[in-house]
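Quick note: the coordinates plus some simple rules give every number you see, no bench work behind them. Since this is a predicted model, take the numbers as computed values, not measurements. Cβ atoms come from the backbone with ideal geometry, glycine included; neighbour counts cover every protein chain shown.
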């Protein structure tokens, strides 16, 4: 099977709070991350296409809030695609993916 992902991913298992613009929140655990997005394991999931903010701690950078859109949902989790990230966030995620820091495992 051909890999469809455009970006390499790194394991990142940290707690996260995902919030919609109307204030609804979902608690989840991140599973992996790339400069394009991330996957969360969760029992409660937001709807596909919803604009959200992902609040979590990135190794090296600390607490961040990342803009994203819910792109897909499956039993037990969902994937988000990041919106426009700042240079610091992009650099920190790129460093994780390249193996420059341990990712909460």
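Helical content alone sets the calculated 222 nm signal of the chain at -3000 deg cm²/dmol, taking -39,500 (n - 2.57) per DSSP H segment of four or more residues and averaging over every residue. Convex hull volume per residue, computed on the Cα atoms of region 10-97, equals 78 Å³. Seen against the Cα atoms of the chain and their longest principal axis, helix 87-97 is set at about 80 degrees. Taking label points 7 Å from Cα along the Cα-to-Cβ direction, residue 13 and residue 65 give a separation of 2.9 nm.
At full extension, residue 24 and residue 48 could sit 7.2 nm farther apart than now, given 0.36 nm per residue minus the alpha carbon distance. Note on residue 72 and residue 87: the extension gain reaches 2.8 nm, defined as 0.36 nm multiplied by sequence separation minus the Cα-Cα distance.
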